[in-house]
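J.: Please find one structure pasted underneath; my questions will follow.
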Amino acid sequence: MTLNTTKLDPAQIEQALLAPCMDAVIAVTERYQFLEHHRGARVFTAYREIDHVLHLGFHDDLTHQARKELQERGFQLMEAREGTKREHRLLLLTLKEIGFSHHYGEGFYQASRSLVRHLRNLGWPLGTLTSTLNNSRSNPEGSTN
């Protein structure tokens, strides 16, 4: 077994890290600029108990009217926080990549503990969803997608 005794050049390390760091700075700047111009923009989780469907959504302005529309469709808003369309789109792509498919349409999923665990790990706003699912009498745990 031979050891590579090559010294790492700090200038090369700095150069290699420069592009990813700038990408991160640009992404954070874009997020804050968007949120500054769209103060009401929210990502949210809503739950409909009758068929155990989660709505993982984005709304430019989650006003009283938008909340009322959710309620009229039988959804209870679990939690919302500042967010962007990009963040919402990335969440949906991530869920697709790890095997979760849409239920009725984009952003609608069959609720499961597995899905909620992934959402929590991804930092999505959940509120009291976990306890709501635990208290639900007929929660379909067998469904993972």
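J.: Which one of these is in a loop (DSSP other than H, G, I, E, B) and among the aliphatic types (A, V, I, L, M): Leu62, Leu133?
T.: Values: Leu133 fails: in a loop (DSSP other than H, G, I, E, B).
Only one candidate qualifies: Leu62.
J.: With respect to Arg86, is the statement that it is modelled with pLDDT of 75 or more, in a helix (DSSP H, G or I) and either out of contact with any helix residue (DSSP H, G or I) (no Cβ under 6 Å at 6 or more places or on another chain) or open to solvent by 70 Å² or more (accessible area, probe 1.4 Å) (or both) true? If you could, list the steps in order and put the result at the bottom.
T.: Details: modelled with pLDDT of 75 or more: yes; in a helix (DSSP H, G or I): yes; either out of contact with any helix residue (DSSP H, G or I) (no Cβ under 6 Å at 6 or more places or on another chain) or open to solvent by 70 Å² or more (accessible area, probe 1.4 Å) (or both): yes.
Yes.
J.: Within region 89-103, can you find the residues that are surrounded by 12 or more Cβ atoms within 10 Å (Cβ to Cβ) and in contact with a strand residue (DSSP E or B) (Cβ under 9 Å, 6 or more places away or on another chain)?
T.: Scanning region 89-103 gives Arg89, Leu91, Leu92, Leu95, Phe100, His102, His103.
J.: Can you name the residue in region 44-83 that is more than 17 Å from Trp124 (Cβ to Cβ) and of a type in the set (S, T, N, Q) and, of all such residues, is most open to solvent (accessible area, probe 1.4 Å)?
T.: Gln71
The values are calculated or read from the model by the stated rules, or taken from the named source; none is laboratory data. Bear in mind that the values here come from a model prediction, so they are computed numbers and not experimental data. Don't worry about glycine lacking a Cβ; one is built from the backbone with ideal geometry, like all the others, and counts go over all protein chains shown. These area figures cover heavy atoms from the full protein model, side chains too; ligands, DNA and RNA do not enter into them. Shrake-Rupley method; radii C 1.70, N 1.55, O 1.52, S 1.80 Å.
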